[in-house]
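Heads up: the structure comes next, in structure tokens.
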Amino acid sequence: WQAEKYIPFPIEQAVVDYQILTSGHSQDQTQMDIFLIAIPRDLIDRYLEMMEKCGLSLEFLEVAPFSVAKACVSAYLENPDEILPVLDIGDSFTSLTVVRAGELQFVRSFEYAGRHFTRCLADNLGIPLEQTESLKRKTVLNSSLEARDDESSRVLQGIEPVLHGLAEQIQRSFAFCG
């Protein structure tokens with residue numbers, strides 16, 4: 001099977017599952033579209049260990065993009081044929097989830113995330129991380145792209161390398177999923 005081509009870490013270090021989306025769409029009926037998910041085994045082990053320490057047993061595990069997609073589909077899809085991209089920028093990674101016609105089509109995670117923006121900004125402005133985090137939140141969350149003061153402009157310039165990296169990953173993802 002071809003999973004190794006699409007997983008960004010060694011498959012031996014992953015827990016892999018899949019769901020068949022369509023089968024037999026080729027003339028010889030030998031190809032199928034699947035939704036493939038791979039999670040690093042060490043991440044699952046950490047969750048299991050945390051649950052055990054709390055005296056709980058884990059019955060199933062759902063990755064965040066699935067939950068986000070379910071919530072967004074019911075809240076935002078008005079046209080059943082609509083394509084809905086959902087970008088979830090977290091502290092350590094960013095997830096792009098693409099829902100097409102109400103069905104989850106694609107999920108990809110990138111290492112461009114909140115802490116990367118903060119570190120890039122600290123390096124470019126030459127200020128401590130603690131000060132950078134509050135400056136980033138205050139400026140980026142409270143400014144529009146049209147009306148910017150000098151501080152907002154400096155902050156947006158300071159995070160520009162990470163923004164470009166994230167934008168490139170998003171474009172590559174859309175090119176991949178069609």
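Any residue at all in segment 131-139 that is open to solvent by 40 Å² or more (accessible area, probe 1.4 Å), over 20 Å from residue 153 (Cβ atoms) and not acidic (Asp, Glu)? Looking through segment 131-139, none of the residues is open to solvent by 40 Å² or more (accessible area, probe 1.4 Å), over 20 Å from residue 153 (Cβ atoms) and not acidic (Asp, Glu).
Sub-9 Å Cβ pairs linking a first residue in segment 148-161 that is farther than 12 Å from residue 138 by Cα to a second residue that is among the aromatic types (Phe, Trp, Tyr) and open to solvent by less than 40 Å² (accessible area, probe 1.4 Å), at least 6 apart or interchain, are 158/117; 159/117, ordered by first then second residue. Please verify whether segment 113-121 includes one or more residues that are surrounded by 16 or more Cβ atoms within 10 Å (Cβ to Cβ) and among the polar types (S, T, N, Q). Taking every residue of segment 113-121 in turn, at least one turns out to be surrounded by 16 or more Cβ atoms within 10 Å (Cβ to Cβ) and among the polar types (S, T, N, Q).
The C-beta contact set for segment 30-59 (first residue modelled with pLDDT under 90, second residue surrounded by 11 or more Cβ atoms within 10 Å (Cβ to Cβ) and among the aromatic types (Phe, Trp, Tyr), distance under 6 angstrom, 6+ apart or interchain) comprises 34/18; 36/18. Residue 140 meets the conditions (1) outside any helix (DSSP H, G or I); (2) at pLDDT below 85 in every case but one. The failed one is (1). Across segment 3-22, the qualifying residues are those that are within 14 Å of residue 107 (Cα to Cα) and open to solvent by 100 Å² or more (accessible area, probe 1.4 Å), and the one among them that is modelled with the highest pLDDT is 18. Only one of the listed residues (173, 152, 95) is part of a helix (DSSP H, G or I), at pLDDT 85 or above and surrounded by 13 or more Cβ atoms within 10 Å (Cβ to Cβ). That residue is 173.
The values are calculated or read from the model by the stated rules, or taken from the named source; none is laboratory data. These numbers come from a predicted model, not from an experiment. Counting neighbours? That spans all protein chains shown, and the Cβs are built from the backbone with ideal geometry, glycine included. Heads up: the accessible areas ignore ligands, DNA and RNA and are worked out on the full protein's heavy atoms, side chains in. Shrake-Rupley method; radii C 1.70, N 1.55, O 1.52, S 1.80 Å.
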